[in-house]
Amino acid sequence: MKNNFLKVAGALTLVFTGYAYLSTKRLTATEYTVSSAKIAPELDGFRVMQLSDIHGSTFGRYNHTLIRKVYELAPDLIVVTGDLLDGDEGINTALTLMRKLMRICPVYYVTGNHEARSANLEDLLPALEKSGIVYLKNQHVYIERDGKTFALAGIDDPSMQIEKFHDYSLEEEIDLEETIVREEIEEATAGIPESIFTFLLSHRPEKWPIYQDTPVDLVCCGHAHGGQVRLPFTEGLFAPHQGLMPKLTAGMHEENDTTMIVSRGIGNATIVPRVFNDPDIPIIRLQHKE
């Protein structure tokens with residue numbers, strides 16, 4: 001009886017492990033519509049794809065599965081909201097992916113906390129720029145179609161400015177991060193007319209209260225990995241900088257005339273694997289509101 005139980009338990013473990021691995025390679029797209037009177041009729045239907053928390057992962061040989069998915073979804077613009085790298089691995093895989101994405105449509109990028117601790121960041125950023133990817137370092141650009149524009153702003157992850165190996169308390173680190181994020185958004189959005197729809201790229205969803213106090217209409221974030229293990233009736237079990245039972249790990253959030261879209265990300269380079277949490281590619285459709 002005991003041997004039979006062990007065999008069944010072993011088989012179930014093997015099946016679950018196989019499912020867990022295969023599900024980390026199953027790319028899903030989630031569509032959102034963001035409406036605003038600031039979005040001109042000429043921009044109606046403009047489609048933005050968000051890729052986040054890639055963590056150096058690959059999907060198929062040479063990332064062919066991911067590239068094919070992007071082609072099928074046919075975005076007008078791609079935004080990458082941090083953690084393109086995982087750590088100190090080389091930049092070739094990430095750089096090759098970004099170059100292939102550039103062949104489909106323009107690509108804009110902001111850093112995440114994993115880039116901040118990577119020894120290869122100083123190689124990555126110049127290589128991205130040379131390849132035509134726009135790194136939005138606390139600045140904005142205007143995206144134009146048929147003579148009408150919206151502002152696309154981006155900020156660095158606050159960890160890029162925090163001194164490494166400094167023994168901050170948790171409260172000190174949070175206060176410092178919030179100060180940095182406020183200053184970066186002020187710098188990134190300076191000069192944007194109030195009448196222009198403003199779209200912000202930022203890695204951190206837990207700064208949601210700050211975004212609501214800024215001249216931003218829409219913000220895209222990642223970082224939370226969908227809560228890693230997504231059990232029913234939860235937003236996942238754990239997220240970086242939110243801890244256990246987090247609240248801001250995926251989907252659309254709206255408050256005080258501001259919208260935040262949080263990607264569950266597509267990478268899996270963490271200690272705890274993704275469970276019931278397929279890699280997520282948000283597609284954001286801009287809509288003119290009368």
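The values are calculated or read from the model by the stated rules, or taken from the named source; none is laboratory data. These numbers come from a predicted model, not from an experiment. With ideal geometry, Cβ positions are generated from the backbone for all residues, glycine too; neighbour counts draw on all protein chains shown. What goes into the accessible areas is simple: the full protein's heavy atoms, side chains included, and nothing from ligands, DNA or RNA. Shrake-Rupley method; radii C 1.70, N 1.55, O 1.52, S 1.80 Å.
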Considering amide H positions built from the backbone, and no H for Pro or chain starts, which residues 5 or more places from Thr259, or on another chain, come under 5 Å of its amide H? Leu218, Val219
Antiparallel DSSP bridges in segment 1-288: what percent, to the nearest 5? 35 percent
Between the alpha carbon centres of segment 133-168 and segment 219-290 the gap in Å comes to 20 Å
Among the complete DSSP H segments of the chain, which ones combine at least 20 Å of alpha-carbon extent along their axis with a mean Kyte-Doolittle hydropathy of 0.0 or more? 2-23
For the chain, what is the calculated [θ] at 222 nm in deg cm²/dmol (nearest 500), taking -39500 (n - 2.57) for each run of four or more DSSP H residues and dividing by its residue count? -8500 deg cm²/dmol
Using eta = 1.002 mPa s and T = 20 °C, Stokes-Einstein with Kirkwood Rh from Cα pairs puts D for the chain, in µm² s⁻¹, at 109 µm²/s
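Can you count the Lys pairs in the chain with C-alpha separation below 16 Å, eight or more apart or on different chains? Could you put the intermediate results ahead of the total?
Numbers: Lys25/Lys69; Lys38/Lys148; Lys38/Lys289; Lys69/Lys100; Lys100/Lys130; Lys148/Lys289; Lys207/Lys247.
Count of close lysine pairs: 7.
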Summed residue charge, Cβ within 12 Å of Asp86's Cβ, Lys/Arg positive, Asp/Glu negative: -4
Could you sort Val272, Val70 by accessible area so the largest value comes first, with the probe set to 1.4 Å? Val272, Val70
Using alpha-carbon pairs under 8 Å, 6+ residues apart, how would you state the relative contact order of the chain in percent? 27 percent
Rule-of-thumb Rg ratio for segment 72-164 [Cα; 2.2 N^0.38 Å; N residues]: 1.12
